[in-house]
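The values are calculated or read from the model by the stated rules, or taken from the named source; none is laboratory data. Quantities reported herein were computed from a predicted structural model and do not represent experimental measurements. Here Cβ is always computed from backbone atoms with ideal geometry, including for glycine, and neighbour counts include all displayed protein chains.
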Amino acid sequence: MSALRGLLDLVFPPACQVCRKSATFPLCAACRGAFRLVRSPVCQKCGKPLRGPSDLIFTCIPCRHRRLRFAVARAAGIYDGTLREAIHALKFKGRRALAAPLGALMAERVAGVRLPAANLVIPVPLHHRRLRERGYNQSELLAAEIASRFGLLVRSDVLVRRQATEAQSGLTLDDRRANVRGAFFAACSIEGQTVLLVDDVLSTGFTASECARALRQAGAAQVVVLTAAIVVLD
């Protein structure tokens, strides 16, 4: 196996899976350093960066007007630039090795934040048709990395996506909410568990909220959301 690996490395030299220029696999220091990380202060509900003193508690305006079913959400970085490219490479280009550095980044960013202690890690699921087309669920790969760092159990059998929803990007706010309403259900009881729900990107929070609704109906005490990135409209 090592001989085969060596031969493949000669034919296809290891490279950064984002810029494809550096020989550092799977993510080079330059690309990692270009990520825009989330800094305090942040919305105490969705984790979106806010402008203001870090010693005050804020909730962003959208979160004041939406009923989001999760307890709190946090993201490692801002969904733009190099981080967006890395997530797209993981999600759409089959570059699964990026799950390791992205999952490590998520774990590092959340380790210093005071959040409810989770018992289970559950990835946001893909519909079975999309999973068959892609061959893997990027959120499940991220969840496995995070769980290994915190010594938690990943349960990919709990949450099921019953509808093949449209991509949320490009939809209006109302359409995004309607697109995922009732799209998920829990296949088994998780009575009393605090769940760490893992996804790649948080935008409006509606997908995570619908997942949290299903998990709460299955008995979860609360749901904490962790994503690699969050969409911020400057």
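Restricting the search to the stretch 71-88, which residues are among the β-branched types (Val, Ile, Thr), touching a helix residue (DSSP H, G or I) at 6+ places or on another chain (Cβ under 8 Å) and crowded, with 20+ Cβ neighbours inside 10 Å?
Of everything in the stretch 71-88, just one residue is among the β-branched types (Val, Ile, Thr), touching a helix residue (DSSP H, G or I) at 6+ places or on another chain (Cβ under 8 Å) and crowded, with 20+ Cβ neighbours inside 10 Å, namely 87.
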Worksheet item: Scanning the stretch 124-151 for residues that are touching a helix residue (DSSP H, G or I) at 6+ places or on another chain (Cβ under 6 Å) and within 13 Å of residue 102 (Cβ to Cβ), which turns out surrounded by the fewest Cβ atoms within 10 Å (Cβ to Cβ)?
Response: 149
Discussion item. Return the pair list, or none, for Cβ contacts closer than 8 Å from residues in the stretch 106-126 that are charged (D, E, K, R) to residues that are not in a helix (DSSP H, G or I), at least 6 apart or on different chains.
Written reply: 108/76; 109/37; 109/38; 109/74; 109/75; 109/76; 109/77
Item to complete: Pull up the stretch 1-54, narrow it to residues that are touching a helix residue (DSSP H, G or I) at 6+ places or on another chain (Cβ under 9 Å), among the small types (Gly, Ala, Ser) and assigned to a loop (DSSP other than H, G, I, E, B), then point me to the one that is modelled with the highest pLDDT.
Response: 34
